[in-house]
1. How far apart, in nanometres, would the label points at Asp28 and Ser149 be if each is projected 7 angstrom from Cα along the Cα-to-Cβ direction?
2. Give the separation of the Cα centroids, segment 173-199 to segment 63-91, in Å.
3. Per residue, how big is the convex hull around the C-alpha atoms of segment 40-141? Give it to me in cubic angstrom, could you?
4. Out of the total accessible area of segment 3-229 (probe 1.4 Å, heavy atoms of protein only), what percent is carbon and sulfur?
5. Set the Förster distance to 25 Å, then compute FRET efficiency between Lys215 and Ala80 from the Cβ-Cβ distance, nearest 0.05.
6. If you restrict to DSSP beta bridges whose two residues both lie in the chain, what percentage is antiparallel, to the nearest 5?
7. How big is the convex hull of the Cα atoms of the chain, per residue, in Å³?
8. Once you have the Kirkwood Rh of segment 70-202 from its Cα pairs, apply Stokes-Einstein at 25 °C and 0.890 mPa s and quote D in µm²/s.
Amino acid sequence: MPAALVLLAAGSGTRVGAATNKVLLPLDGSEDPASSALGLSLRTALEVPDVHRLVLVVRSGDEEAVAAVAQPLLGEREVAMVTGGATRHASEQAALGVLRADIEAGEVDVVAIHDTARPLAAPELYTAVIGVAREHGGAIPAAPLTHLSARDLQPVGGALVGVQTPQAFRAAELLAAYAQAAADGFDGTDTGATLERYASDVRIVAVPSSPLNLKVTFADDLRAASALLG
């Protein structure tokens, strides 16, 4: 059964220091919007096999700019565009609203959700988390964290990982968890947090990833992503 992919692009450029949504900023020094974090994420998503639905969550007011990035890349493929909310959780909830009918009809078995501020995620990572979610219920990419200090500046010991996206979960359990979250007014920090709270019987498995799957948050991250692409 095919999966569904959700691309989150409803953020802003505040911490990057940009006047526009950071995922719309070109990363290769050109003026080509396809080289933006959104463009790269969409191109990668289109390479993932066996995808039934693709949902793009955008910030209100960005619809035209996002369409300008997406349309040249889609070819004959279709993407559903939906306006996101004030938080990541609200944006995920909006995407699941678009997918609800397909999930309830059994036409989608797994939903993968990716933050387009991570433009270097590879198609293989999508495929891996979708496969693990089918087998176990949920999957999150995890990359080793090193050189961490506590507030007293003492090194933090032990094996630590940073959680990334795309995160993938069985669709029915995901939909049910977000319905319960909406009823409670719960707002999760990421998809995994909501499943952990409302679907404790779903096993969430860590999938090995790399620090190269970085998130563009600050201006230095833009430069790092550009250097890696170059």
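1. Simple spin-label model gives 3.9 nm for this pair.
2. If you average the Cα positions of each part, the centres end up 23 Å apart.
3. In segment 40-141, the Cα hull volume divided by residue count equals 109 Å³.
4. Here it works out to 52 percent.
5. 0.55
6. In the chain, DSSP labels about 35 percent of beta bridges as antiparallel.
7. 137
8. 150
The values are calculated or read from the model by the stated rules, or taken from the named source; none is laboratory data. In this text, all values refer to a predicted model and were calculated from it rather than measured experimentally. Reconstructed Cβ throughout: ideal geometry from the backbone, glycine too, with neighbour counts over all protein chains shown. The area values use the complete protein model at the heavy-atom level, side chains included, leaving out ligands, DNA and RNA. Shrake-Rupley method; radii C 1.70, N 1.55, O 1.52, S 1.80 Å.
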